[in-house]
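One structure is given here, and the rest of the page talks about it.
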Amino acid sequence: MTLGEDVVQLVIDQVAEVQAEQPDLELTLEYTGEMLVRGTVRFSIDHEGRTYRDAYRVQIAIPPDYPESVPTAKETAEAIPADFHRFLKTGNLCLAAPVELMRVFAQNRSLLHFTNRLLIPYLFSYTYYREHGQLPHGELSHGLLGLLEYYREFFGVGVIKAMKLLKLLADAFAPPLMPCPCDSSRTLQDCHGPKLDELRPLLPAEHFEADLRDMIAAAQTAKLPLPERDVMPKRMWKNRQKRIRKASARRR
Amino acid sequence: MTGTRNRQHVSQILRDLAETLDVPPSKYDEAKQHYQAVGDWLGAEDSELAPFNPEIYAQGSFALGTAVRPLGEDEYDVDAVCLLGLTTDQVTQKQLKEMVGRRLKHPGSRYKDKLDPNGGGRRCWTIQYADGSKFHLDVLPCVLDDSRWFVGLGIPSGIVEHAIRLTDKKTPEYPTGWPANGHDPTRSNPKGYAMWFKDRMRVSLNEAKAALAMEKRASVEEIEDYQVRTPLQRAIQILKRHRDVRYNGDDDKPISIIITTLAAKAYDNEADLYEAVLNIVPGMRQHIEQRNGVWWVENPVNPLENFADKWQECPRKAELFFEWLDAVEAEYQYIITDDGFTKVGTYLAESYGQRDAKTAMTKYASRQVGRGDAAPGAPVILVPKRGNRVDEPSYTNIKVTEPSRPWQA
């Protein structure tokens, strides 16, 4: 696909904006047709009474459907080891959980926001880790568990309630006047509705459904009792009912 | 081979650049409406010029399709010939100039307050349009050159028949008549020159029109010359803007008529723009002659006219011209090397101005993004580094609020 002139223009202007703070970055067009922002990022961050200064060589890739999708970033001088929050296949930095990445980027779809709000905090967390052996703001567990942590924290609820809320996103069905699944005895619109509204536009319902299905599978393996009807995505629940009916018909 | 690949890409970038430099079709239409309106006013029934059927047509870069958008505060400068059905026996230069002037200053004329200067220029009446349009029209009163004195000089009669005499306040004969035979500043042939110019690019003009006809699914007869641009026209636009940026404000800078003439002489109907520029520039040098120690750039429709006649009294003009050709040639050889290609955006910005370079690079990039080449090649820098201080680079202070925690699949 090709980007419109207006998008290329946007990227060029946004790089110029980032350069006001990061003059050692440049924008290139690679022979592969990829647009990359690369060079050195320098930052100084005050944390717990200390100032941390550091510099990293990075490469930010502009996705083909920018600014719809979030850019991806690599560290190019091998200063950050491969086992520190990186995607194995691509080597891209895992800046945050996918939904969180979308959520933060959607606040302001610019490279400056991406750099200051996602990339630099990530780089800083490694600078801090190198010295202290732990991350300044903690980290999410790997894989599914991390996602579950993310949703629990985002909604401020426990595991089952987080899954119930996720189901509303997976089904793309959340009537404002229904009782909120968090048992607050308030309606959705007066309780977790706005939080759902924040996540809903970020990713397709299928993405939330896939996350939820993974969580259910994990819970079932762990033999956790689940209120199946309230956590299973609609399609999953229907298929399950069908299977049960067939099984009981055979028994008769 | 990356040289070939870079060459193809540079050609595309140059096309984008030339398109950016080009005068938009709306300005061509505006120009045409303006000079036709002047023609209508001059030839109106109650005009003293009506018996002489004034005919008005564009000359210069607007007629040749080589005009470029003005830089900065400059204006569009359109030259229009105003041909009256009179002969040099019937009017003096002064009478001819003033006949046209009187009509333009007529109390009922919409041009009466737009003439700048009010007394007219050396050869023309300049109409200054309203501020917003950034536009002025030079109207050159003239009559047909009836002397046919250079038929014997080998110029085809189809071209000679368009020769004209225009008025020039600086000739001693201005109040009393016209200079005698031989070349003098009142002789000109813009229509003949345009015919010669088109003939120099006949092959590529026909190709460009055929291509546009196919694209529009129209018959090639319906396509007008002004709707297309050949590599020659593009190359001239690029060379003119390069000159404008390099010698901004210098009175001795290379003049457009010399650039246009030499480029057209050197052009060999190259289909590729980069190829055209790279061949034209050395060819231009070869078409500058020395006749008895005098630099000579012959007017192709009047062998007695030397476009470089000022180089004699002002050798700096010649020096700048040659220096400029060398610079252009060196630059064009450099930008297809891997190193040069990577920096082509910076080079364009330096040579053609930030604004147009940026537009051209954006056009190029938006076509190229997501497409890519099969074979590896040099990247192109779209936004160069601003550069930090090496000794004391600055570290931007960032406040981390609401941090997102890293996660791993």
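Every number here is computed from the coordinates shown, using simple stated rules; none is lab data. Quantities reported herein were computed from a predicted structural model and do not represent experimental measurements. All Cβ positions, even for glycine, are placed from backbone atoms using ideal geometry, and neighbour counts span all protein chains on display.
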Practice prompt. Evaluate peptide A:147-157: per residue, the Cβ atoms of other protein chains within 10 Å of its Cβ; return the mean as an integer.
Written response: 1
Practice prompt. Compute the separation of the alpha-carbon centres of segment B:214-275 and segment B:323-355 and state it in Å as a whole number.
Written response: 18
Worksheet item: FRET efficiency for residue A:205 and residue A:249, Cβ-Cβ distance as r, R0 = 30 Å, nearest 0.05?
Response: 0.40
Worksheet item: So how far, in whole Å, is the C-alpha centre of segment A:93-163 from the one of segment B:278-304?
Response: 70
Worksheet item: To the nearest 0.05, what FRET efficiency results for residue B:110 and residue B:312 with a Förster distance of 30 Å applied to their C-beta separation?
Response: 0.10
Worksheet item: Lone cysteines in chain A, going by a 4.7 Å Cβ-Cβ cut-off?
Response: A:94, A:182
Fill in: Candidates per GluC sites (Glu not before Pro) in segment B:70-103, loop by DSSP, up to 16 other Cβ within 10 Å
B:73, B:75
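Please get the size of the charge dipole for chain B, origin at its Cα centre, with Cβ charges of +1 on Lys and Arg and -1 on Asp and Glu, quoted in debye to the nearest 20.
Computed charge dipole of chain B: roughly 840 debye.
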Item to complete: Compare the Cα positions of B:238, B:312, B:159 along the charge dipole of the protein assembly as shown (+1 at Cβ of Lys, Arg; -1 at Cβ of Asp, Glu; about the Cα centre) and return the one farthest towards the positive end.
Response: B:238
Worksheet item: Using unit Cβ charges (K, R positive; D, E negative) and no other charged atoms, how large, in debye to the nearest 20, is the dipole of the protein assembly as shown about its Cα centre?
Response: 3600
Discussion item. Ignoring everything except DSSP H segments at least 4 long, calculate the 222 nm mean residue ellipticity for chain B; use -39,500 (n - 2.57) per segment, divide by total residues, nearest 500.
Written reply: -13500 deg cm²/dmol
Worksheet item: For segment A:143-251, what does the alpha-carbon gyration tensor say about shape, rounded, prolate or oblate, given a ≥ b ≥ c as the root eigenvalues, a/c under 1.5 as rounded, and a/b over b/c as prolate?
Response: prolate
Worksheet, complete the sentence: Among A:129, A:113, A:144, the residue whose Cα sits farthest towards the positive end of the charge dipole of segment A:111-167 (+1 at Cβ of Lys and Arg, -1 at Cβ of Asp and Glu, taken about the Cα centre) is A:144
Response to the item:
Counting only DSSP beta bridges with both partners in the protein assembly as shown, the antiparallel fraction in percent, to the nearest 5, comes to 80
Fill in: Environment charge of residue A:219, counting only residues whose C-beta is closer than 15 Å and scoring Lys/Arg +1, Asp/Glu -1
+3
Discussion item. Nothing charged except the Cβ atoms of Lys and Arg (+1) and of Asp and Glu (-1): what's the magnitude of the dipole of segment A:5-132 about its Cα centre? Round to the nearest 20 debye.
Written reply: 420
Discussion item. Going by Cα centres, segment B:384-409 and segment B:1-45 are how many Å apart?
Written reply: 45
Practice prompt. Return the distance in nm (one decimal) between the two label points of a simple spin-label model at residue B:77 and residue B:12, each offset 7 Å from Cα along Cα→Cβ.
Written response: 3.6
Worksheet entry | Per-residue Cβ neighbour rank within 10 angstrom, fewest leading, A:105, B:135 | B:135, A:105
Worksheet, complete the sentence: Note: probe point = Cα of residue B:287 + 7 Å toward Cβ; backbone nitrogen < 16 Å; residues of segment B:185-203 passing the test are B:192-203
Worksheet item: In terms of modelled amide H atoms, which long-range or inter-chain residues lie less than 5 Å from the amide H of residue A:72?
Response: A:61
Worksheet item: Per residue of A:99-112, what is the mean number of Cβ atoms on other protein chains within 10 angstrom of that residue's Cβ?
Response: 1
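Before rounding to the nearest 500, sum -39500 (n - 2.57) across all DSSP H runs of length at least 4 in chain A and divide by the residue total; then give [θ] at 222 nm in deg cm²/dmol.
Value at 222 nm, helices only, nearest 500: -13500 deg cm²/dmol.
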Worksheet, complete the sentence: Relative contact order of chain B (C-alpha contacts under 8 Å, at least 6 apart) in percent is 17
Response to the item:
Ordered by fewest other Cβ atoms within 10 Å, a rough proxy for footprinting exposure, B:142, B:124 read B:124, B:142
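Going by a ≥ b ≥ c, the root eigenvalues of the Cα gyration tensor, does segment B:114-223 fall in the rounded group (a/c under 1.5), the prolate group (a/b larger than b/c) or the oblate group?
Oblate, since a/c reaches 1.5 and b/c is not below a/b.
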Worksheet item: Where both partners of a DSSP beta bridge lie in segment B:23-188, what percent of those bridges are antiparallel, to the nearest 5?
Response: 60
Practice prompt. Set the Förster distance to 30 Å, then compute FRET efficiency between residue B:215 and residue B:136 from the Cβ-Cβ distance, nearest 0.05.
Written response: 0.30
Discussion item. Using Cβ counts within 10 Å as a stand-in for footprinting exposure, how do A:83, B:326 rank, fewest first?
Written reply: A:83, B:326
Discussion item. Within segment B:353-378, name every residue whose backbone N is under 19 Å away from a label modeled 7 Å from Cα of residue B:4 along the Cβ vector.
Written reply: B:372-378
Worksheet, complete the sentence: If one compares the long axis through the Cα atoms of helix B:190-200 with the longest principal axis of the Cα atoms of chain B, the angle in degrees, nearest 10, works out at 40
Discussion item. Taking the Cα of residue A:145, stepping 7 Å toward and past its beta carbon, and measuring to each backbone N in segment A:78-103: which are under 17 Å?
Written reply: A:84-86, A:97
